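Here the structure is laid out as C-alpha cells; the discussion comes afterwards.
Please treat every number below as a calculation from the coordinates, not as lab data. Fair warning: this is a prediction, and the values are worked out from it, not measured in the lab. Because the Cβ atoms are built from the backbone with ideal geometry, glycine has one as well, and the counts that use them run over all protein chains shown.
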Amino acid sequence: MAGIIPITDANQAVDILGVKLLGVTAENGKKLLFTLVFVLLLLLLGRLLSALAVWRLRAHRNTRLEFWTHQSIRLAVTLVLLLGVVSIWFDDPGRLATGVGLVTAGLAFALQKVISAVAGYFVILQGKTFNVGDRISMGGVRGDVIALDLIKTTIMEMGQPDTYADASSPTWVRSRQYTGRVVTVSNDKVFSEPVYNYSRDFPYIWEEMSLPITYTADRQRAEQILLEAAGRHTVRVSEVSDEARQEMERRYVVALGDLQPKVYYRLTDNWLELTLRFIAEERGVRDVKDAMSRDVLGALDTAGIGIASATFEIVGLPPVRLQRHAQ
C-alpha cells in the first residue's frame with residue numbers, strides 16, 4: 001500500500017501510482033475520509049430516529065405531532081452535521097473566521113432567494129404565522145398547508161368564489177373546495193406579501209348570503225326565513241368556544257362583536273336586498289350554504305315570496321299604422 005500511495009510528509013502532496021494529487025495531503029486526506037464516515041453515520045442515525053418516531057407515534061395518529069417530530073430530527077441532524085464538519089476542517093480559529101467570511105459572502109450573493117426562504121421558515125415558526133393543517137392564503141395560493149420545509153411551503157390548493165378571483169392564479173373551481181393541485185410556495189413570500197390564516201387563532205369565519213326580493217313582498221317573513229335557516233345549519237353561538245374568543249380578543253385587542261345571525265337591508269333601484277350575516281366553521285362552508293339555500297327556496301315558495309330579478313314591464317304600445325304604396 002505504501003508503494004502505491006507513498007506518503008513521506010503530512011504536508012506533502014499524495015502520489016497515487018506516480019500521479020501527484022494537487023491539493024491533497026495526508027492531513028486533509030484523513031479529514032476527508034473522516035468527514036465521509038461522519039456524514040454517513042449521521043444520516044443513518046437520522047433515518048433510524050425517524051423510523052423509531054414513526055413506530056412510537058403510530059398509535060397516536062396525530063399528523064401535526066408526526067410532522068414536527070420529523071422536522072425536529074431533520075433540524076437536529078443538520079445542525080450537528082454543520083458543527084461536525086466545521087470542527088473537522090477548521091481546527092484554527094483564524095482560518096475558521098476567514099473561511100466563514102468568504103463562504104458567507106459568496107452564499108449571500110449567489111443564494112439570495114434561498115437565504116430569504118430559509119429566513120422565512122424561521123419567521124413562520126417563531127411568529128406562529130401558520131402550521132401544518134392550517135388553511136391559509138399565501139403567494140396568491142389559497143388552501144391547506146400539507147408540508148413545511150426549510151425552503152418552501154406545500155399547499156393543497158382550493159378554489160375561490162368569483163368575487164375573489166385573482167387573474168394571477170386562475171382556477172376553475174368557483175368555491176372554497178380542493179382543486180386537486182398541490183402547489184409549492186417559497187417561504188420568502190412572508191416578507192413581501194400578506195399571509196391570510198383562516199383557522200389558527202379563531203377557527204370560524206363570517207359568511208354572508210344575499211336574497212333580493214321585491215318591495216311589495218313580505219320582507220318580515222323573508223327575514224325570518226333566513227334567520228331560521230341560519231339557526232338550523234350554521235354554527236350556534238353556544239358552540240363557539242369562549243376560550244378561543246377570549247384568547248382572540250386578548251391577543252389582538254379586537255372586539256368580535258355580536259356573533260348571532262343577523263339580516264341587513266340594502267335599498268337598490270330594482271329590489272330590496274336582504275343580506276344574512278352568520279358565523280360558520282372555516283371548512284365545509286359550501287355544504288352549509290347549499291343546505292341553507294335549499295331550505296330558503298322551499299320556505300319562500302310556501303310563503304309565496306318570489307326572488308326579484310331585473311325585468312322590464314311594457315305598459316303600453318304606441319299606435320301602429322301600416323301604409324301600402326302603389327307601385
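See the values below:
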read-out: Ranked 123, 185, criterion: other C-beta atoms within 10 Å, fewest first; value: 123, 185
read-out: Under-5 Å amide H pairs with residue 181, H placed in peptide plane, nonlocal only; value: 157
read-out: Cross-link partners of residue 262 among lysines (Cα-Cα below 20 Å; sequence separation of 8 or more within a chain); value: 289
read-out: Cross-link partners of residue 152 among lysines (Cα-Cα below 18 Å; sequence separation of 8 or more within a chain); value: 113, 128, 189
read-out: Phi-based couplings in Hz for segment 177-190 (Karplus 6.51, -1.76, 1.60; Gly and Pro marked x); value: 9, 4, 8, x, 8, 9, 10, 9, 10, 5, 5, 6, 5, 5
read-out: Residues 193, 223, sorted so that the one with the fewest Cβ neighbours within 10 Å comes first; value: 193, 223
read-out: Residues 271, 68 arranged by fewest to most Cβ contacts within 10 Å; value: 68, 271
read-out: Kirkwood Rh, angstrom, segment 204-303 [1 / mean 1/r, Cα pairs]; value: 14.7
